[in-house]
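The structure appears right after this line, and notes come after that.
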Amino acid sequence: MGYIAYIGTDIQFTRLTDKDRRLGLIFLHVYDIPYADLSAYEGIIITNFVEEAFLLENQTILKRYLDQGGVIFSQVENSLPWLPGCGKWVRSPIPIKDREFHYTEPVHQLFQGIDLYDLNYKKGVKGFLTRGYFDRIPLNAEVLLTDQDKQPVLYIDRHTTKGVIIAGAGTALYGYGIQENSTKYLSEQILSYIREQAQKSRKGAKK
Amino acid sequence: MKVAIITNHYSFQNRFFELEEFQYMYDDILPIRFLHRYNLLEYDTIIVQEHISVFHLKRYRSRLIQFLKSGKRLIIMGEVIDGWLPHIEWETSEVNFSWWVKKDGDLPLIQRNSSHEIYQYIHFPDLKWHYHGTFHPPQGAVSLAETPEGKSIFYIDRVSYRGELIVTSVDPTYHIGLGFITQAKPFLHGLAKYIHAK
């Protein structure tokens, strides 16, 4: 099992649990990116607790990682162009109580077995998944999740770099799951998918 | 009254700064990454935004301690983990974010020291959305809001330092920036008015 870096600042919300560590996550402080060997990680999850200006200053490191077949799963509400091909996060004009997310058919394996209701509501509360969407997505990106206005909320981009970018518009999907419903295994499914994609894209990048 | 706010420049924090309705609250925005470039003593009040890199707070803790020792006011919102500032005792708790959608649901909180001057500006029910932890204030500090177990989520400490330390585990600028739980706005306006009045 390869390790996956979990990037953010060191705050209460980003502290890894024992379970996260057993699943192969390693916390990497965002400000350590210039000093870390990212190639040691099969994938990278970037939380929303990052200073985007710093990521922009270090965008070539992320680009190099991707061009070596790396996988980045971003959960950031992007406002700066540090993630190749990614547009900007825009707040949805739809009130949180009325906003709904929809899978793009066929439902992607990332969401296999996950009831859409459980992505829309967490313990009866709406608004956790994200309050926005991307104003544009890369050409040929595969959209996995939209809102009812068909605005893109989560996409996969295999074309902008030699790696794989999975970008959610502030969608804190890793850690979203709760024991009580079908999102229970969402985090595991995300990590499995990242690893699967890393193996495929690293082979491709070497060609 | 010159006020600075320390930030990590997360996207949602930047959106908070874009909100004109709160710009009266602070004069300068100080990025935690470059805190060494600023003379903190030129401010009367410094606010530490929620969820700031603890690594950096530890790096600059002496400067914030010096600020408090000089008689100034420091406000810390959100979590205070790893004991990065002395005299603050933090306990993480499970967050109850769904109480308000449950039938007869409640987040029981008890107002303490209701005659305290800060309550001339803050309406007690306005700090009720959720919290991610609690504090055990030091002897002589004034607890302002507590859980039924007697754990504080909001207190003022004028005994540990020469200055005034205001600590709360609620996270208003985080939620206002996210655009999620905008009930946090009246509380923050109340706090801002207290800062500027006192």
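The values are calculated or read from the model by the stated rules, or taken from the named source; none is laboratory data. Small disclaimer: the values here were computed from a predicted structure and weren't measured. Cβ sites come from the backbone with ideal geometry, for glycine too, and all protein chains shown count toward neighbours. Heavy atoms of the whole protein, side chains included, go into the accessibility calculation; ligands, DNA and RNA do not. Shrake-Rupley method; radii C 1.70, N 1.55, O 1.52, S 1.80 Å.
Rg of the Cα atoms in chain A, relative to 2.2 N^0.38 Å, amounts to 0.96.
Would you calculate, for chain B, the mean residue ellipticity at 222 nm contributed by helices, counting each DSSP H stretch of 4 or more residues as -39,500 (n - 2.57) and dividing by all residues, to the nearest 500?
Details: 5 runs with 44 residues, N = 198.
Rounded to the nearest 500, the figure is -6000 deg cm²/dmol.
For segment A:1-155, the carbon plus sulfur part of the accessible surface works out to 52%, probe radius 1.4 Å. Could you tell me which of rounded, prolate or oblate describes segment A:70-144, using a ≥ b ≥ c as the square roots of the eigenvalues of the alpha-carbon gyration tensor, with rounded for a/c under 1.5 and, failing that, prolate when a/b is larger than b/c and oblate otherwise? Since a/c reaches 1.5 but b/c is at least a/b, the shape of segment A:70-144 is classed as oblate. Only protein atoms count toward the accessible area here, which uses a 1.4 Å probe; on chain B, the carbon and sulfur part of that area reaches 47 percent.
Restricting attention to chain A, the count of lysine pairs at 8 or more positions apart or across chains with alpha carbons under 21 Å apart stands at 21. Answer rounded, prolate or oblate for the protein assembly as shown, using the Cα gyration tensor with square roots of eigenvalues a ≥ b ≥ c: rounded when a/c is under 1.5, else prolate when a/b is larger than b/c, else oblate. Note, shape of the protein assembly as shown comes out prolate. For the protein assembly as shown, the per residue solvent-accessible surface stands at 42 Å², with DNA, RNA and ligands left out and a 1.4 Å probe. Ellipsoid semi-axes for segment B:40-198, based on the Cα gyration tensor and the rule √(5λ), read 25, 17, 16 Å when sorted largest first. Classify segment A:80-189 as rounded, prolate or oblate, taking a ≥ b ≥ c as the square roots of the eigenvalues of its Cα gyration tensor: rounded when a/c is under 1.5, otherwise prolate if a/b is larger than b/c and oblate if not. It is oblate, given that a/c is not under 1.5 and a/b is not larger than b/c. Other residues whose C-beta falls under 13 angstrom from the C-beta of B:Gln13 contribute a net charge of -4, scoring Lys and Arg +1 and Asp and Glu -1.
Of all lysines in the structure, those lying under 20 Å Cα to Cα from B:Lys58, and not within fewer than 8 positions of it along the same chain, are B:Lys69, B:Lys72. Of the residues A:Gly113, A:Gly70, A:Gly87, the one that moves most in a GNM of chain A with alpha-carbon contacts below 10 Å is A:Gly113.
Against chain A, whose longest principal axis is taken from its Cα atoms, helix A:186-206 shows a tilt of about 40°. Of the DSSP H helices in chain B, those that are both long (alpha-carbon extent of 15 Å or more along the helix axis) and hydrophobic (Kyte-Doolittle mean at least 0.0) are B:184-197. For the segment B:44-57, counting C-beta atoms of other chains within 10 Å of every residue's C-beta and taking the mean gives 3.
Among A:Ile26, A:Ile44, A:Ile72, the residue with the largest mean-square fluctuation in a Gaussian network model of chain A, with springs joining Cα atoms closer than 10 Å, is A:Ile26. Just to be sure I understand: with springs between alpha-carbon atoms less than 10 Å apart, which residue in B:Glu20, B:Glu50, B:Glu42 has the highest mean-square fluctuation in the Gaussian network model of chain B? Highest fluctuation of the listed residues: B:Glu20. Evaluated over segment B:88-193, the count of Lys pairs having alpha-carbon atoms less than 22 Å apart is 6 (only pairs 8 or more residues apart or interchain). By the rule of a C-alpha distance below 18 Å, with chain neighbours fewer than 8 residues away ignored, the aspartates and glutamates paired with B:Lys198 are B:Asp27, B:Glu42, B:Asp44, B:Glu117, B:Asp157, B:Glu164.
Here the Kirkwood formula, the inverse mean of 1/r across different C-alpha pairs, assigns segment A:16-130 a hydrodynamic radius of 16.6 Å.
Could you work out the local net charge near B:Leu35, counting Lys and Arg as +1, Asp and Glu as -1, over the other residues with Cβ closer than 14 Å to its Cβ? Here the count lands on +3.
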